[in-house]
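Peer 1: Next up is a structure, given as structure tokens.
The values are calculated or read from the model by the stated rules, or taken from the named source; none is laboratory data. These numbers come from a predicted model, not from an experiment. Cβ placement follows ideal geometry from the backbone for every residue including glycine, while neighbour counts extend to all protein chains displayed.
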Amino acid sequence: MQLVSVNRPVTVARGLCKAVWDPVLLLPCTRSERHRLIKWRIAWLSPTPSVECQCGAIKGNRNHMLLYPATIALVQKLWSLMDPAPPPEVHLIDYALNCLPRSFKSPGTWCDCWLCLLSLLRVVNQTTSSYNLPEEKVHGQILIDLAAKLRATKPTRLHRILPPTQEPVPGDPFPHLLSEISTVPRQPPPSVPARNCA
């Protein structure tokens, strides 16, 4: 895993080619989780200018959060979920947020990334806060419940059952007919001449 410091300021536009709804505003999460997501997007998490980290580092900035002992396991998990890996000039969390879908239609592989992001941002928020954050439920519980509900209500797709292939049976008088029927081209229905009703 290679971590490169990103010195560019973070903006809400995130360098996208066109204006789109940010997935952090649309995907299912609690109010406190969404608050942290928005704070990350507008560079308020970790606070700007940098504050002292709980580990004793002078600057508890975004790059430091990728190397902080309490976040390193979540960072490695998030890194492993990213396919393709983020380019060196883009922060890992920004890249992961940019890879999220713009709507929630069905659960997919992005769900693991979403849960990891919510957990990681909670730890980042705690390490840069001067107070203890209140206890929360499992991160992404709203998404987990919604995915289970969708799976329960989603109709199962009927699969077309193909007829079994028939091998010629010794002594069968009609094996050649089956092969001839399958090779006859389909003819369009004959056209009916229009009647003159005058």
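Peer 1: Given the condition polar (S, T, N, Q) and not in a helix (DSSP H, G or I), answer yes or no: does some residue in the range 111-127 qualify?
Peer 2: no
Peer 1: Hey, another quick one. So if I check each of 117, 92, 121, 133, which one is over 14 Å from residue 29 (Cα atoms), hydrophobic (A, V, I, L, M, F, W, C) and at pLDDT 90 or above?
Peer 2: 92
Peer 1: Please tell me if residue 38 is under 14 Å from residue 122 (Cα atoms) and either surrounded by fewer than 14 Cβ atoms within 10 Å (Cβ to Cβ) or of a type in the set (A, V, I, L, M, F, W, C) (or both).
Peer 2: yes
Peer 1: Let me ask something else about it. Would you check if residue 62 is in contact (Cβ under 8 Å) with a residue 24 or more places away in the chain, more than 12 Å from residue 121 (Cβ to Cβ) and basic (Lys, Arg)?
Peer 2: no
Peer 1: Among the candidates 71, 30, single out the residue that is closer than 11 Å to residue 124 by Cα and β-branched (Val, Ile, Thr).
Peer 2: Going through 71, 30 in turn, just one is closer than 11 Å to residue 124 by Cα and β-branched (Val, Ile, Thr): 71.
Peer 1: Within the range 41-88, count every residue that is hydroxyl-bearing (Ser, Thr, Tyr) and surrounded by fewer than 15 Cβ atoms within 10 Å (Cβ to Cβ).
Peer 2: The number of residues fulfilling the criteria is 2.
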